[in-house]
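Colleague: What follows is a structure written as C-alpha cells; I'll ask about it next.
The values are calculated or read from the model by the stated rules, or taken from the named source; none is laboratory data. The shown structure was predicted, so the numbers you read here are calculated from the model rather than taken from an experiment. Counting neighbours? That spans all protein chains shown, and the Cβs are built from the backbone with ideal geometry, glycine included.
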Amino acid sequence: MNLTASQTRMDAGRGAVSRGSRGIPARVTRSSTSVRVAAVAAPQKSVTEYERPDANGRFGRFGGKYVPETLIPALEQLEKDFKEALADPSFKATMDGILKDYVGRETPLYYAERLSEYYKTGDGGHAEIYLKREDLNHTGAHKINNSLGQALLCKRLNKQRIIAETGAGQHGVATATVCARLGLKCIVYMGAKDMERQALNVFRMRLCGAEVRPVHSGTATLKDATSEAIRDWVTNVETTHYILGSAAGPHPYPMMVREFQSIIGKETRKQCLEKWGGKPDVLMACVGGGSNAIGLFHEFVNDTDVRLVGVEAGGEGVDTNKHAATLTKGSPGVLHGSYSYLLQDDDGQIIDPHSISAGLDYPGIGPEHSFLMDIGRAEYHSVTDKEALDAFQLLSQLEGIIPALETSHAIAHLPRLIAGMQNGQRVVINCSGRGDKDIGNAMKFIDLSGAGKQ
Ligand SMILES: *Cc1c(COP(=O)(O)O)cnc(C)c1O
C-alpha cells in the first residue's frame, strides 16, 4: 500500500526489477530479463483477518466498478445472488457433484521426483516440488472451475443466455462445455485474429453448440473481445449472464472468480496435510489475469509463513515492448471495469501485450494481485518466451507431463526460486493446464528431429 505511482514508474524505468516484498526494489541478482529477489523472502507483512475486497469491491486502492451506469444495478444484483447461492447448501451440493463426476476433482497433488532432483538448493540439497494437477480437469485446465460455478449461478437465476470472452479459446471452450452440460445458450466473443490462430478451439466451441462471434475492432484480440462482451451485457443484461474468465473485471467478478477457483488451494492444504502433515513453503503459479494463481493463493493468504510467487509473461524481455509483464512493468489505471496495474502509455492508451502463451497475453491483471504485490504479501517475477519453451520441454522429458505454455512460465522460474531455498523445503506449483493445445505452436520453435538418439 505504500507504493506510490511515481515510485512505480521509477521502478519501471529502472529495468527488470522484480516487485514484491513491500514494493521495495529487490536486490538485482541477474542482468537478464528475469531478476529474482534475494534468496529467502523477507518476513511478509501480516494480513491476518484478511477481508478483501471491502464492501465497495476494493482491494486497498485497487478494484472497484468502473462501468457504465446501466450495469451498476446488475453488478449489485449479481453480488447479492452470488452470496445467496454460496449460503445455500443445495447450490454447493449440486456444484460439488458436477465437480466430482464431470470435471474429475479432486485433482492430484503430484510429487515430481525427477524435477525435484534436477535443481539444487542454495545449500547443495534438493527441494521437493509438487504439481497441483489442474491439467487433469475435464477440458484440460483450471478454467472450468469458474465457468461451472458461474453457469450454475446463471441457471439458479433463470437466465438462459450466457456470453463470454475468450483469447486463446480456453475459457470459451470451458464455458461452451458447461453450457452444453447445463443446457444453456452460449455466445462467445473472440478476436478475429485469435479465431484464425486458434481454429481448433473455435471448432471445439461450435461442436459443443456455442456461437462464436468474431470481433474485428482494435487489434482483434482478447481485450477487444472483452470490450465487445461487456457491450453485449450492457444491452441484454435482463436476460444474460456474462461469464468473465479471469479474476479481473468489475466487482464482484474478482471475488466471485476467486471463490470458484479457491477449491485449488483448499484441496492443496488438505493434500499437504495428508502427505507430510504440514504446509508448503512456497506456492507458485503463472499469472495472466490471475485466476489460477489467486485460486491457489487465497486459502493461504493468512498463512504468512507460506511464500506466494506469481510468474508473468516476459515475452521477448521486459525491456523490449513485447511482453505481458503487467505487474513488473505496468502502472495503475482502469481497464475493463477495474482499477489495477496495466500496460499503458503516458496517455493511458493500452500497450499491446505479447506472449508466446495466448493465455498470458493480456495487458491487465486482477486487482487483488496488484494489492498483494503492493502490501508485499506476494511477489511477482517474469520469464521470457524462450525460458518458458525450455521449461515446456523439460517437464515433458523429466516427468512425462506436457504443461500448457502458460504453466511453463511457472516451471521456468524454478531454477531461480530453488537456488534460494533450503534442502527439504517444499514448493507447490499450480499445473494450470495441459499443453496439447500448444503443440502446433511449439513445433514452430522446437526441433526434435534428433530426439532420443544417443
Ligand atoms: C487461461 C490460462 C491461464 C491464465 O489465466 P489466469 O486467469 O491467470 O489463470 C493460465 N494457464 C492456463 C492453462 C490457462 O488456460
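Colleague: Being touching a Ser or Thr at 6+ places or on another chain (Cβ under 6 Å), modelled with pLDDT under 95 and not small (Gly, Ala, Ser) is true for just one of 257, 234. Which residue is that? Break it down into steps so the answer makes sense when it comes.
Modeller: Details: 257 fails: modelled with pLDDT under 95.
On inspection, the qualifying residue turns out to be 234.
Colleague: Which helices (runs of 4 or more DSSP H) sit wholly inside region 393-450 and have at least 2 residues that are within 16 Å of the ligand (Cβ to nearest atom) and under 20 Å from the mean Cα position of the chain (by Cα)? Spell out the reasoning first.
Modeller: Values: elements: 405-412, 414-419, 439-445.
Answer list for region 393-450: 405-412.
Colleague: Next question. Looking at the structure I just gave you, is residue 213 at pLDDT 95 or above, within 18 Å of residue 149 (Cβ to Cβ), surrounded by fewer than 20 Cβ atoms within 10 Å (Cβ to Cβ) and over 19 Å from the mean Cα position of the chain (by Cα)? Before you say what the answer is, go through the steps one by one.
Modeller: Details: at pLDDT 95 or above: yes; within 18 Å of residue 149 (Cβ to Cβ): no; surrounded by fewer than 20 Cβ atoms within 10 Å (Cβ to Cβ): yes; over 19 Å from the mean Cα position of the chain (by Cα): yes.
Criteria not met by residue 213.
Colleague: Six or more apart or on different chains, Cβ under 9 Å: which pairs go from a residue in region 282-295 that's without any contact (Cβ under 8 Å) to a residue 12 or more places away in the chain to one that's within 8 Å of the ligand (Cβ to nearest atom) and part of a loop (DSSP other than H, G, I, E, B)? Could you list them?
Modeller: Listed by first residue and then by second, the contacts come to nothing, as the list is empty.
Colleague: Taking residue 224, is it within 13 Å of the ligand (Cβ to nearest atom), more than 22 Å from residue 152 (Cα to Cα), over 17 Å from the mean Cα position of the chain (by Cα) and not in a loop (DSSP other than H, G, I, E, B)? Before the answer, list the steps.
Modeller: Details: within 13 Å of the ligand (Cβ to nearest atom): no; more than 22 Å from residue 152 (Cα to Cα): yes; over 17 Å from the mean Cα position of the chain (by Cα): yes; not in a loop (DSSP other than H, G, I, E, B): yes.
Judged against the criteria, residue 224 is not a match.
Colleague: Give just the number: which of (1) surrounded by fewer than 24 Cβ atoms within 10 Å (Cβ to Cβ); (2) within 12 Å of the ligand (Cβ to nearest atom); (3) more than 15 Å from residue 441 (Cα to Cα); (4) not hydroxyl-bearing (Ser, Thr, Tyr) does residue 366 not satisfy?
Modeller: The failed condition is (1).
Colleague: Let me ask something else. Can you name the residue in region 268-286 that is within 16 Å of the ligand (Cβ to nearest atom) and in contact with a Ser or Thr (Cβ under 8 Å, 6 or more places away or on another chain) and is also nearest to residue 171 (Cα to Cα) among such residues?
Modeller: In the first step, residues of region 268-286 are kept if they are within 16 Å of the ligand (Cβ to nearest atom); the result is 268, 283-286.
From what is left, the residues that are in contact with a Ser or Thr (Cβ under 8 Å, 6 or more places away or on another chain) are 283, 285-286.
On the way: 283: 23, 285: 18, 286: 16 Å.
For region 268-286, the residue satisfying everything is 286.
Colleague: Within region 366-377, does at least one residue satisfy the condition of being hydroxyl-bearing (Ser, Thr, Tyr) and under 22 Å from residue 126 (Cβ atoms)? Please lay out each step first, then the result.
Modeller: Start the filter on region 366-377 by keeping residues that are hydroxyl-bearing (Ser, Thr, Tyr), which leaves 370.
Those still in the list that are under 22 Å from residue 126 (Cβ atoms) too: none.
No - not one qualifying residue is present in region 366-377.
Colleague: Identify the single condition in (1) modelled with pLDDT of 95 or more; (2) under 29 Å from residue 410 (Cβ atoms) that residue 168 does not satisfy, given that it satisfies every other one.
Modeller: Residue 168 satisfies every listed condition except (1).
Colleague: One residue is enough: does region 204-220 have a residue meeting the conditions more than 14 Å from the ligand (Cβ to nearest atom) and in contact (Cβ under 8 Å) with a residue 60 or more places away in the chain?
Modeller: Yes, that holds for at least one residue.
Colleague: From the list 358, 313, which one is at pLDDT below 95 and among the aliphatic types (A, V, I, L, M)?
Modeller: Numbers: 313 fails: at pLDDT below 95.
On inspection, the qualifying residue turns out to be 358.
Colleague: Any idea which residue in region 145-179 is surrounded by the fewest Cβ atoms within 10 Å (Cβ to Cβ), counting only those that are near the ligand (Cβ under 10 Å from one of its atoms) and among the β-branched types (Val, Ile, Thr)?
Modeller: Among those residues, the one meeting the criterion is 173.
Colleague: Would you confirm, using the coordinates I've provided, whether residue 193 is within 30 Å of residue 333 (Cβ to Cβ), more than 15 Å from the ligand (Cβ to nearest atom), surrounded by fewer than 20 Cβ atoms within 10 Å (Cβ to Cβ) and basic (Lys, Arg)?
Modeller: Details: within 30 Å of residue 333 (Cβ to Cβ): yes; more than 15 Å from the ligand (Cβ to nearest atom): yes; surrounded by fewer than 20 Cβ atoms within 10 Å (Cβ to Cβ): yes; basic (Lys, Arg): yes.
Answer is yes for this residue.
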